[in-house]
1. Looking only at segment 164-201, which residues are closer than 28 Å to Q91 by Cα, aliphatic (A, V, I, L, M) and out of contact with any Asp or Glu (no Cβ under 9 Å at 6 or more places or on another chain)?
2. So T120 passes all but one of these: (1) crowded, with 18+ Cβ neighbours inside 10 Å; (2) out of contact with any Leu (no Cβ under 7 Å at 6 or more places or on another chain); (3) closer than 26 Å to R56 by Cα; (4) not charged (D, E, K, R). Which condition number does it fail?
3. May I ask you to list the residues in segment 47-95 that are surrounded by 11 or more Cβ atoms within 10 Å (Cβ to Cβ), outside any loop (DSSP other than H, G, I, E, B) and either of a type in the set (D, E, K, R) or at pLDDT below 95 (or both)?
4. Of these, S128, S143, which one is small (G, A, S), assigned to a helix (DSSP H, G or I) and farther than 25 Å from L10 by Cβ?
5. Just checking, does segment 160-170 include any residue being free of Cβ contacts under 8 Å to residues at least 60 places away in the same chain, over 26 Å from E55 (Cα atoms) and assigned to a helix (DSSP H, G or I)?
6. How many of the residues in segment 96-110 are outside any loop (DSSP other than H, G, I, E, B) and over 18 Å from L183 (Cα atoms)?
7. Specify which of the listed residues (T44, T33) is in contact with a Leu (Cβ under 6 Å, 6 or more places away or on another chain) and hydroxyl-bearing (S, T, Y).
8. How many residues does segment 107-135 hold that are small (G, A, S) and more than 8 Å from the chain's Cα centre (by Cα)?
Amino acid sequence: MDATLQNTKLGLKLPTDPRWVDLAEIDLEEILTDHAYCEQKAATACISLIQAYPERLELVEELAPVVTEEWGHFRMVLSELKKRGLRLGRQRKDEYVNELLKFQQKGGSREEALLERLLTCALIEARSCERFRLLSLYCAEDSLRDWYHKFMVAEASHYRLFLDLAENYFGKEKTRHRWQEYLRHEAEIMQQLKPRGDRMH
């Protein structure tokens, strides 16, 4: 599957700068540290949604296993760091996610906030999937390529889950209209951010 087709399936309007993989391989401790915290924050985001919307039974039932999976991914990254004699560094500011959060519509109802949160999560998972795909194809180490492929598959599933939940609760037309707005804004964010090898996004 070529990059253009992959981005189309994910909805992304701007592919990752091809220099990013080369930058990421320069210091594995840095990129693995950021990856670990991304997995931790993904688990936390799902827990937060469950706590905020416990009456949404489907959401609770669908996201509870994702919490377990994302935390398992966090442990997988910790294990990879240990195997390589590397250490988990400090959590760092995520400019990409912070810019997405600024785009969320504020001041609306609790239900409108749910749509914004689901679409933000879907977009983060979509971009993560695209990045993991690049690592699974172009990392110098065979073992790392296989390792990142597992994350790519998981992120693709999570991306689709968040979108499906949004469409189920808010309808396809409303969801897809707002989703396109998010995708256009995300492309602008990607253009503004310089590719960094110590960041997953």
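1. L183, A187
2. With respect to (1) crowded, with 18+ Cβ neighbours inside 10 Å; (2) out of contact with any Leu (no Cβ under 7 Å at 6 or more places or on another chain); (3) closer than 26 Å to R56 by Cα; (4) not charged (D, E, K, R), T120 is out only on (2).
3. Answer for segment 47-95, where residues must be surrounded by 11 or more Cβ atoms within 10 Å (Cβ to Cβ), outside any loop (DSSP other than H, G, I, E, B) and either of a type in the set (D, E, K, R) or at pLDDT below 95 (or both): E58, E62, E69, E70, R75, E80, K82, E95.
4. Values: S128 fails: farther than 25 Å from L10 by Cβ.
Going through S128, S143 in turn, the sole match is S143.
5. Of the residues in segment 160-170, the ones free of Cβ contacts under 8 Å to residues at least 60 places away in the same chain are 160, 162-164, 166-167, 170.
Adding the requirement that they be over 26 Å from E55 (Cα atoms) leaves none.
Checked segment 160-170: no residue is free of Cβ contacts under 8 Å to residues at least 60 places away in the same chain, over 26 Å from E55 (Cα atoms) and assigned to a helix (DSSP H, G or I).
6. Of all residues in segment 96-110, those outside any loop (DSSP other than H, G, I, E, B) come to 96-103, 110.
Then drop every residue that is not over 18 Å from L183 (Cα atoms), which leaves 110.
Here the count works out to 1.
7. Details: T44 fails: in contact with a Leu (Cβ under 6 Å, 6 or more places away or on another chain).
Just one listed residue meets the conditions, T33.
8. In the first step, residues of segment 107-135 are kept if they are small (G, A, S); the result is 107-109, 113, 122, 126, 128.
Imposing the further condition that a residue be more than 8 Å from the chain's Cα centre (by Cα) reduces the set to 107-109, 113.
Count: 4.
The values are calculated or read from the model by the stated rules, or taken from the named source; none is laboratory data. As the structure is a prediction and not an experimental result, all values here were calculated from the model. So basically every Cβ, Gly included, is an ideal-geometry build from the backbone, and we count neighbours across all protein chains shown.
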